[in-house]
Every structure is written in C-alpha cells, then in structure tokens.
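Following: one structure in structure tokens, then a few remarks.
The values are calculated or read from the model by the stated rules, or taken from the named source; none is laboratory data. Here the structure is a predicted model, which means the values were calculated and not measured. Ideal geometry is used to build each Cβ from the backbone, glycine not excepted, and the neighbour counts take in all protein chains shown.
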Amino acid sequence: MVHAFLIHTLRAPNDKDAGFCRVLYSCVFGAEKSPDDPRPNGAERDRLLRKEQILAVARQVESMCQLQQQASGRSSVDLQPPSSSDEPMSLHDAPHGAFRLAAGDPFQEPRTVVWLGMFSLGFALVLDAHENLLLAESTLRLLARLLSDHLRLLAPGTSLLLRADRIEAILTRFLPHGQLLFLNDQFVQGLEKELSTAWPL
Amino acid sequence: MSSTGMERLLRQAREIQDGELSKFCARITKLLQQQDSGAEAVDALQRLLLILSATKYRRKLEQPCMNLLQTTLCSTTAPPQLQLLCAAILREMAPVEGLALTCEQAHNSHTLSLVASVLLAQGDRQNEVGSVGRHALQLLEARPPEGPGPRLLLPVLSKVVSLSPGILPEAQVDLLHRRLVGWLRYASTQQGSAQLPGSGFSAARTRQPGLVTEVDGSVATDFFTVLSTSQRFTEDQRLNVLVFSMLRTWLLLGLPAGLTAVEADDRSELEGSTQSVLSAASATASRLLPPQQQLRAGAFEYCQRILEQSGRRALRRADSDLQKACLVEAVLLLDLLCRQEPSFLYPTLPCLKALLGRLGGDPKQARTLLPVARFLLSHGEAAAVDSEAVCRHLFTSVPAELFPCPMLAFELVQFCRDSLHILGPGLGLLKPSFPNLLKLLAWHSPALTSEFVVLLPSLVDAGTAVELLHALLDLPCLTAALDLQLRLSPMTSEWPLWDISLRPTSCLEGFRDPHFQPLFQFLLRSKAAGSTLRLAPLYRLLQPLAGCARVFQCAQAVPTLLHAFFSAVPHVADAALMSQLALALLERSGSLFPVPQYEDRVHRVLSTQLLGLCRLRPALVVELARDLLGFAGSVSGIRSQEPMFTAVVWAAGEYLTVAHDRRCTVEQVTRFFEALEALLFEVTQSRRSASPPQCQPQVITVLMTTLTKLASRSQDLIPRVSLLLSKLRTLPVGPGDEDTDAVRTRATELTNLLKMPSVAQFVFSPGPEANSSRFHRDATTALPLALRTVSQLVDRETSLLPA
C-alpha cells in the first residue's frame, strides 16, 4: 500500500542558488499511529512531524535525481519539456529510481520510495517495505502522465498550485486510499474518459 | 508557471497574517452557506488549502469555518468538487483536536470514503481506524443497491487493515469473504455494454457486446481477471480488478486476530490427505469450505490463471508491463498462500518450475525472477535444486548484463539483503559473486550505499576477504571500466546510458588494447578469483575518467563501505588473515585511483583501520615489524601518506614490546629506533630551514613520543633520545607559531619523564592490564598514583625551567 504521494520541485544539478526544494502537493493516506503522549499539543507536533517527513523524502528524491542526472552527464536542459513537440513524452527514459528508508528515519516503519523526475518536478510514492515495485513504478508513471495531461503542465503559465481538486480527482480514481491497482491499458482509457467527463479540461 | 512564480505564491501563502486569515475564513463561511456559490467557493477553498499546506506550522481556522467544512463534506447536496476540497483541507490540517466529524454522519459510500480519508489521518488517537472499518463493513452489508458502493468502500477496508491488522470483527469479515470470492472468481466475462441513448429494443438486442479478450487479442478462455481487456467494463469486473489488487494485503492483514490459532489446528488435519489438497485447491468444488479457505482457494485459482495469461504476447506495451507486475504479484500471493496453508505447496511447485523454464534466461524478465527465487528459497527442501540454479543466474549473468537499470539493481540488492537468512546453500553462491554485486554498487552508488552497508558484512568470508578489500578500494576504477564497457557494447535502450558529457577516446583505445586486456578482464570479472591483480597500470589509462560525476560519487561512498567491511573482519579473521589485511592496507595506501579527494579520505580510513587491527591483535606489529619499518623508513611516505605514516609509527610505539609479543627482540626495537631517529632528524632539519613547514607538527610529536617509548624499553637508547629532545626544545619559535611551540612543549614533557626511567617505562609501556577500568578506578593501584606523581613533578620542573 502507498503511505504517501508527493510532488515537489526539482532543481537542476548545478543550480546552486535556486532556493529550496518545495513540496507542491502531498497526500498522506492514513497517518502512522501516534504514540501515547501526555504532553499538550500532541496533535500539532504530529502534524509538524508529518510535514517534515514528507519534506525529508522530497529532499532525498531531489538529491538522488540530481546525482543521477550528473552521473549521466545530463544538464538541466533535459529536465525541461521539448519546446515544440506534440509527441507524448516517453516516460520510460525519464530519470527514475528507488531507495529504502530505514525504520525511524524518517518514518516509524521501514519504507521504500519510488520516484520519477519530469519537467523540473519530482513525483514520489512512499510505499510499505515489501511492495510490488513493478506495479508501483508503472502506477507512478501513469499518475505523472495523467497529471501532465489533465493539468496541462506542458503549457506555459500553468502550475499545479491551486489545482488540488483535479489532482485529488485523479488520485481518487487511480490510487484510491493509496491502493495500487492493476489496470490494463483499456481499463485506464475507460477511467480517463470518466475523469474527462466529470472534470472537463 | 516558472519556479520563481511558484516560489512567490508559496511565500505569500506562508506569510499571510492571522487577521487576514480570519477574514478569509469568514468569507468562506459565507460562500459555503450559499447554495450555489459555484466557482467562487471552489477558488476560495483552493486558496485556503494552499495557505494551510504551505507551512509546516499549524494555522488556526475559525470554528464556524471548521464546522461548515465538515458539514459540507457530509452533505448530500454539495457538488463533488467542494466535497473533495473540504476533505483535502481537513486532511491537510490533521490531526486536529476536537474534530466533530464522525462516520455516523456519512450516509452513503461516497461520503464515507471521503470522511474516512480525513479520519484515518488523525493518527488513531480515538480509535478512528476501528470505527471507520466497522462503518464501512456495515454499509457494505446494507441491502446493496446497484452502484459503486463496494468499489468505494473496499479500498477503505484495505487501508484500515493495513493500519491496524486484525481489527475488523470476525463475523462481518466472514460475510465479506464470500462476496470477495464472488467478485474474484465469478465476474462476468461479457464486455460491458454502452448506454446507447434512444436505442430501441431491437437495437439493444443486435448490439450484443462480445466476450472479453485476452491481452493478445484472442477471446477469453476462462474467467475474468485483471489481464482481460474489453471496450467497456461492468461493475463486477471493476470489483474483480480491485479485489485482486488488495488481495495480498487482505490475506496477510485482514484476518481477525484470534483466528490464526484455530487455523493451525485445522491445518494439521488437512495436511496429510489428498482429499484436502483437491478441495483446498478448488473454490468451485466445495462451497462448504469456511469462507477464509474459500477465499484462499479462489486466490489460488486466480494466480494460476494469471500465470497462464502472462505467457501471452501482449499487443500494447503498457499491457506487457502489466503482465510482469501481475506475474510478480501472483508469485508473491502463492508464497503467502503456501505459508498460510501448506497444502497449496504441492500443486504450486510444478507451475513455478514451468514458469522458471519459460522466464529462463530472458534478460527482460530478470525482475520477475526475483520473487520466484524467493519462493523457491522459502519453501526450501521440496525445491532445493531449482533454487540453486536460479540463484546462480541471478548472481552471475543478471548483474553483469543489466547493471545500468536502477530499479533492477535496487531490487536485486534488496533480494540479497532480505534473503540472507533463507539463502542456506545459496549463501555459498552469493559470497563469491561479490564482484558482480559490486558492479551494481559502482554504477548506482548514491541509491545503494546504505543497502550495501547492511549487506557487506555477510559477504565477508575468510577465503575472499583480502580480494574483497582490494575490490572495494578499486570501486571507482570499476565504475570507469563499466562506463567504457557500455560505450563499446551494442546499445540496448534509446538513450545512451553512459556519461554523455565525456568523450574518453584514449581510454576506449586502451580498453581495446590487448596489453590491458587481462587487467580489464580481472576488474570486470563475475566471480571471486581467489587472487588479486595489481591494477596500478590502469590508473594512468583511466585518468581522464577520474573526474567524471559517476566515478566521483562512487569514490565518496568507499570510506563508508570500508568501515562496514572492517566491522565484519573481527568475526571471520584469524591471525594470518589479519596480517594479510594489514599488509594490504600498507600497500594500497600508496596505490589508489586518483579521483579528487579520494586519496585523502581513504588514507584516513585505512590508518584508522590499521590501528584497529593492531588493537585487536597487538602481536601483529612484531610480526610485521620489517614491513612496517620499510613503510615508515622513507621521507616520501610522510609527505604523501601522512595519516598512514602516523598510524604506523604510533602502532610501533604502542605495541612493539615484549608485553604484547614475546618474540619482540632488543634488535627490533633498536632498528626501529634508529630509522625513526634518522627520519626525525631529517624532518626537523628541513623545518629549521626557513622554507614553509613540510609536515604537520603531529608527525613530529608522534615521532618524538614513539622514540621516547622505545627508549623507555631499551634503556641504552635513553641518552640518544634525550639529545634529540633537547635539540627540539630549542627550536626557534616565530611569533604566533603555535606548531613549533607545541613541539617544544611536548619535547620538554618527554624529557622530564625520561629523567625518571622506571616511571617512564611504566607510563609508556603499561602492559595490557592498563586497559582494564579497574586499574584506573582503584585509587590505591599504581597507575593513578604514578600519574599524579608525574604530573606534580612535571609542573614543578616547568616552573623551574628558564623562560
């Protein structure tokens, strides 16, 4: 099962003064059990912890992506979309990978993160430790493609801030409550048609 | 939007003041109270969500606003867009104390699904998880109207059991099991029909949708599964997809807690009989089975169907990827089923063997082989032979050919790491395959270093430890060689996998040069060779690649890996091996691939580890006295390998005594003394000449201290060392020259100590008992007394010295 899905900024490998890594959207599917804490403001602390956990994941994904880009000798140019291309971008060549997070660092349980970089955005799924990674990887690619198509991320001047309702609509259909789904191509097409009907572009 | 635009928006959201936020809340309250506020309300809620999520600190919302968000969420008339945003806002704020939202307020599945997403994010402080689970079950049981009810509620249940395993009440879960089997095994095999507006009765008749198809286009031959395609899908088909997707989680965690004990008793009766094998394996055969076993039987049949379907040639690439994912899931499910009910093992093994034969040596299927290998290893005895063959394939050919794929590398290393305890004889296959595994690490060092730190100690074996040490030190070299290998082999993907910013033509020529062939072949070997080749000739050849990013990243990982390696050494190394390792450290400190900063970092690690080895086995110093002397005896060593030199000299001072090894002779001590004396003289001479200091004061002080220690053991040497020390006490000190000052102070201290030879011997060569803490705690034993006396004497002496 998926514990969290997040989208964050992805700075180019050599761009030192581009600010910080920002989490642009995150959705946690069910919180880890809070410890019994007699001190006041426990809820506030839990929320703070959760936000910091997500940020930690985002930073690590960004760093992994930058290192991978550097290692392949690719500069920031490749993270930008092709300027005049109508072809769907082949996400199989986008930088991607996985890494493990040990228990306590930063989540209570050990978790695995699967990530993908596209158009200076990083997408990541935080999974339970022994999840079907082939399925997680293809789900992540699917989500990235859907978000790119339905939020028109390629078009200049759009962003995914202030578009959370659409992102939620996509997640409800394709990753309900963090459940990874085995969807064949035609099934996906069917769900997409429903999505376009309910949420017209 | 550009990144600066986004940054600005986020900053605005973070910096909005509390007063402004209250006004905004009031506006939202008004908008939500209106019936048809439409786009304006949506826009306002989007902004509120951004404000709340832009900061990690809590923002307080006015209570009326909070209440209205919750009521809108549960209202049946609110537009879905608003409900989604309300849920997202409440979830973003979670956990919230005093949340009034409860499951009772949700009257249909759609609303409960949204409410659940909020309540499950509260951290289960008030047993929300159990409450959500119970309500979801209740709604599922309610007289089912046609509609998406189960489809919305099953993911909720899946999440509930994964957060709190075994929390659902048994009776209701049993009822659910029967329905799950129904959706899993008896979904319609007809394609869904389109809603044709205004079609007459006859038109509907003639437009019969056909049967669903397989991924290769042929008509379906058996029951519906996730690999069945169709133009349109019916509701029960969609449920079929959902149930299979959550099946493994459900079988693992969805069973009520008390049931497993009862199961165990039933199982032992079932195990022996063939009758039970047949009935357990067929859901259709016996509806009289208890629901759980029905579900397992259904799952088993589904997996077998998946195994069959995954052999078909899919028409679309996405479906082909799905086949692989389904295959992995099916094998994982079979593993789980066989663990829960051993009677499934008998019919499963032939299927898996057939699967192995099919997947065989196909490189594209490498990732799907991993769960198969794991299955064969877990259910050991029945499948012993096959597990060795597949392990051999996984450890030898797969890494050598497929190392550039990041996901495969990660999964393979995870497999090794997680299977250590069940590898059994496979461990004997894993250990010698370390050169292959290191290829994965060399190529993907950032992602895999932490995995290898855990895995490495298990790879350390007495027979191959020295070779492994050399391989670790040559890891950056391996990265460079792999890059060259990729450039010269036929391209298997659309994008080049090597570093495209470099064009190392000279290296490529060298790679093809027969003169360097044996070295490259050794470096790129798949199995431990049992011996080591010195790769120094390759360093110069590969120099142009030493600065490339991947090599640099790998070089940064090596120190950590060396520490992990040496943490395992005490467990496997005997005296002979430790000597060999120490010699290897000495040798390699002068022979490393020249990546920037690599040598410095590795030198520090090597010197620490050398001292560690000496501490473990002090007799090492006496045994290797000649080699240590050879290493320490040259001035060039000081300049280029200072940490190592310091370590060697210090070790000699500490451990070259009879107390640690009876074989230590006076001649050995004297030889060391003379060599170090000459060195110290040379070093301080060059220091005296006004050129900038050639070496750190630590080097000088360690030389002085060691010489003093050696002299304290062989008293004839005391006059010589006293002479040396007196010269050092009178070194010229420039203004602000702390280094020389430190040297002079140390020289003075040592001289004073030497004035009392017996005390000196005690202080400098206390013998191994001095390490026991009792020696230090007990105020009446000699050492603390001696130290107190000495420090008093030294203080007195310094006050008497001329300024």
Quiz item: Among B:E92, B:E97, B:E104, which is at pLDDT below 90 and either surrounded by 18 or more Cβ atoms within 10 Å (Cβ to Cβ) or within 24 Å of A:G178 (Cα to Cα) (or both)?
Solution: B:E104
Self-check item: Evaluation of A:L140 against (1) touching a residue at least 60 places away in the same chain (Cβ under 8 Å); (2) under 26 Å from B:T234 (Cα atoms); (3) more than 10 Å from chain B (Cβ to nearest Cβ) (one fails), failing number
Solution: (1)
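Which of the following residues is part of a helix (DSSP H, G or I) and either closer than 23 Å to B:E654 by Cβ or in contact with a Leu (Cβ under 8 Å, 6 or more places away or on another chain) (or both): B:H571, B:H603?
B:H603
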Quiz item: Is it true that some residue in the range A:181-188 is part of a helix (DSSP H, G or I), under 20 Å from A:F29 (Cβ atoms) and of a type outside the set (D, E)?
Solution: no
Exercise. Just give me the residues in the range B:449-459 being more than 8 Å from chain A (Cβ to nearest Cβ) and not small (G, A, S), in sequence order.
Key: B:T449, B:F452, B:V453, B:V454, B:L455, B:L456, B:P457, B:L459
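I'd like to verify a number: residues in the range B:146-163 that are modelled with pLDDT under 90 and more than 20 Å from A:R173 (Cα to Cα), how many?
Step one: list which residues in the range B:146-163 are modelled with pLDDT under 90, which gives B:146-149.
Still in the running and more than 20 Å from A:R173 (Cα to Cα): none.
Total meeting the criteria: 0.
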Self-check item: Residue that is farthest from B:D574 (Cα to Cα) [pool: residues in the range B:460-491 that are away from every other protein chain (no Cβ under 14 Å) and not in a helix (DSSP H, G or I)]
Solution: B:P490
Practice problem: Return a yes/no flag: does the range B:152-164 have any residue that is touching a Gly at 6+ places or on another chain (Cβ under 8 Å), part of a helix (DSSP H, G or I) and more than 12 Å from every other protein chain (Cβ to nearest Cβ). | Solution: no
Quiz item: Residue check, B:F24 against (1) at pLDDT 90 or above; (2) closer than 29 Å to A:S34 by Cα; (3) away from every other protein chain (no Cβ under 14 Å), all met but one. Which one?
Solution: (2)
Quiz item: Which ones in the range B:492-522 are in contact with a helix residue (DSSP H, G or I) (Cβ under 6 Å, 6 or more places away or on another chain), away from chain A (no Cβ under 14 Å) and in a loop (DSSP other than H, G, I, E, B)?
Solution: B:F516
Quiz item: Taking into account only those residues within the range B:322-347 that are touching a Leu at 6+ places or on another chain (Cβ under 7 Å) and free of Cβ contacts under 8 Å to residues at least 40 places away in the same chain, which is nearest to the other protein chains (Cβ to nearest Cβ)?
Solution: B:A325
Quiz item: Inside the range B:236-342, counting only helices (runs of 4 or more DSSP H) that do not spill past its ends, which hold 2 or more residues that are at pLDDT 50 or above and under 30 Å from B:S193 (Cα atoms)?
Solution: B:291-309, B:317-340
Quiz prompt | In the range B:622-656, residue nearest to B:I700 (Cα to Cα) [restricted to those that are in a loop (DSSP other than H, G, I, E, B) and modelled with pLDDT of 85 or more] | solution = B:Q641
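Please tell me if B:A26 is more than 30 Å from A:F119 (Cα to Cα), in contact (Cβ under 8 Å) with a residue 24 or more places away in the chain and under 46 Å from the mean Cα position of the chain (by Cα).
Values: more than 30 Å from A:F119 (Cα to Cα): yes; in contact (Cβ under 8 Å) with a residue 24 or more places away in the chain: yes; under 46 Å from the mean Cα position of the chain (by Cα): no.
For B:A26, the condition - more than 30 Å from A:F119 (Cα to Cα), in contact (Cβ under 8 Å) with a residue 24 or more places away in the chain and under 46 Å from the mean Cα position of the chain (by Cα) - is not met.
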Quiz item: A:L101 versus (1) within 25 Å of A:T172 (Cβ to Cβ); (2) among the hydrophobic types (A, V, I, L, M, F, W, C); (3) surrounded by fewer than 23 Cβ atoms within 10 Å (Cβ to Cβ); (4) touching a helix residue (DSSP H, G or I) at 6+ places or on another chain (Cβ under 8 Å): which is the lone unmet condition?
Solution: (1)
Quiz item: Given the conditions (1) farther than 21 Å from B:T449 by Cβ; (2) away from chain A (no Cβ under 14 Å), which single one is not true for B:L359?
Solution: (2)
Quiz item: How many residues are assigned to a helix (DSSP H, G or I), out of contact with any Ser or Thr (no Cβ under 9 Å at 6 or more places or on another chain) and of a type in the set (A, V, I, L, M) if we restrict to the range B:11-39?
Solution: 4
Quiz item: Is it the case that the range A:155-167 has a residue that's within 8 Å of chain B (Cβ to nearest Cβ), in contact with a helix residue (DSSP H, G or I) (Cβ under 8 Å, 6 or more places away or on another chain) and part of a helix (DSSP H, G or I)?
Solution: yes
Quiz item: Can you spot a residue in the range A:183-192 that is within 10 Å of chain B (Cβ to nearest Cβ), crowded, with 20+ Cβ neighbours inside 10 Å, in contact with a Leu (Cβ under 6 Å, 6 or more places away or on another chain) and not polar (S, T, N, Q)?
Solution: no
Exercise. Could you tell me which of the residues B:L562, B:L533 is more than 20 Å from A:Q68 (Cα to Cα) and touching a residue at least 24 places away in the same chain (Cβ under 8 Å)?
Key: B:L562
Quiz item: Hey, among the residues in the range A:117-135 that are in a strand (DSSP E or B) and modelled with pLDDT of 95 or more, which one's farthest from the other protein chains (Cβ to nearest Cβ)?
Solution: A:F123
